Amino acid sequence: MSAQWRVANNRLLSGFLVLLVMVVPMGLMGCSQNVIVTPSSPSGVAFVRPAYHILPIRVSHHAVVPLDNTEIDTILRLSTRIAQERDSLEDVSCPVAFVRTAPVRAFRNPSFPSFIATPDEYDAIMYGDDANVKVVAGMNWCGQTFRPNVLAGCTPAYGPGIAVASDPVPGRSSTEKDWLKSVLWLHEFGHQFGLLHRHDAHAVMHPYLELSHTQFTVEECRR
Ligand SMILES: [Zn+2]
């Protein structure tokens, strides 16, 4: 099964399309939202306190892609905020937090390509480097071959990590880039936990990358 993610806002993007694809669901992995139920408060009234599920993030990148810890921390902070904030009645707050646990580094194998164009190249990077976010200059293979400059990310369901383009939407302001990358990374993490595309307006899992795609459902959040 494959699914697609494109930048839909052509008005802002001058027709540049970004497509993001999920590879193959391979199984079931529990990553439920943890909830601590406290038996009772001092007043005797039971209450529920959400416990944030901390997701440790290690980022590697091709040497041609400039990336530093500060930018990663910004992306992860925004991804965490998008996941946690309930910005409408249709949205839910997912008690997850993405936290960088190691300094960003270049790919361990310098022969890895900067652009993923074949299944072998994808597998080498996805399964040959132990970071769980792999940043490349771009890709045009994700289960099938796409036109260049279309794919923003590619993630195997229940796999070891996500692969993302370093600049999925060229030409945006730095602030918009940070937000778009945050939505992109969050979308790809969703695929990693087995989420499929959802075409509802504002869904993080919408196949089109937009700044306004910030919502999860209760069911998505349970993953
Ligand atoms: Zn997708």
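Here, each number is a calculation from the coordinates, and none is a lab measurement. For clarity, every value in this text was computed on a predicted model and none was experimentally measured. Using ideal geometry, Cβ is built from the backbone for each residue, glycine included, and neighbour counts are taken over all protein chains shown.
The residues neighbouring residue 131, those whose beta-carbon lies less than 13 Å from its own, together hold a net charge of +3 under the Lys/Arg +1, Asp/Glu -1 convention.
Could you give the length gained on full extension between residue 158 and residue 88, defined as 0.36 nm per residue of separation minus the Cα-Cα distance, in nm?
That pair, residue 158 and residue 88, stretches by 22.3 nm at full extension.
By the count of neighbouring beta-carbon atoms within 10 Å, fewest first, 177, 134 end up ordered 177, 134. Taken as Cα centroids, the stretch 166-223 and the stretch 72-118 sit 10 Å apart, rounded to the nearest whole angstrom. Amide H to amide H distances under 5 Å link residue 138 with 116, 166, where only residues 5 or more positions off or on other chains count and H is placed in the peptide plane.
Between residue 196 and residue 52, the contour length at 0.36 nm per residue exceeds the Cα-Cα span by 49.6 nm. For a paramagnetic label modelled on residue 64 (point 7 Å from Cα along Cα→Cβ), amide N atoms under 13 Å away belong, within the stretch 138-166, to 138-140, 149, 166. A Förster radius of 25 Å, combined with the Cβ-Cβ distance separating residue 173 from residue 123, puts the computed FRET efficiency at roughly 0.10. Shape of the stretch 159-223 from the C-alpha gyration tensor: oblate (a/c of 1.5 or more and a/b not above b/c, with a ≥ b ≥ c the square roots of its eigenvalues).
Taking other C-beta atoms within 10 angstrom as a stand-in for reagent exposure, 179, 141 fall in the order 141, 179, fewest first.
The H on the amide N of residue 55, modeled in the peptide plane, is under 5 Å from the matching H of 97, 98, 99, each at least 5 residues off or on a different chain.
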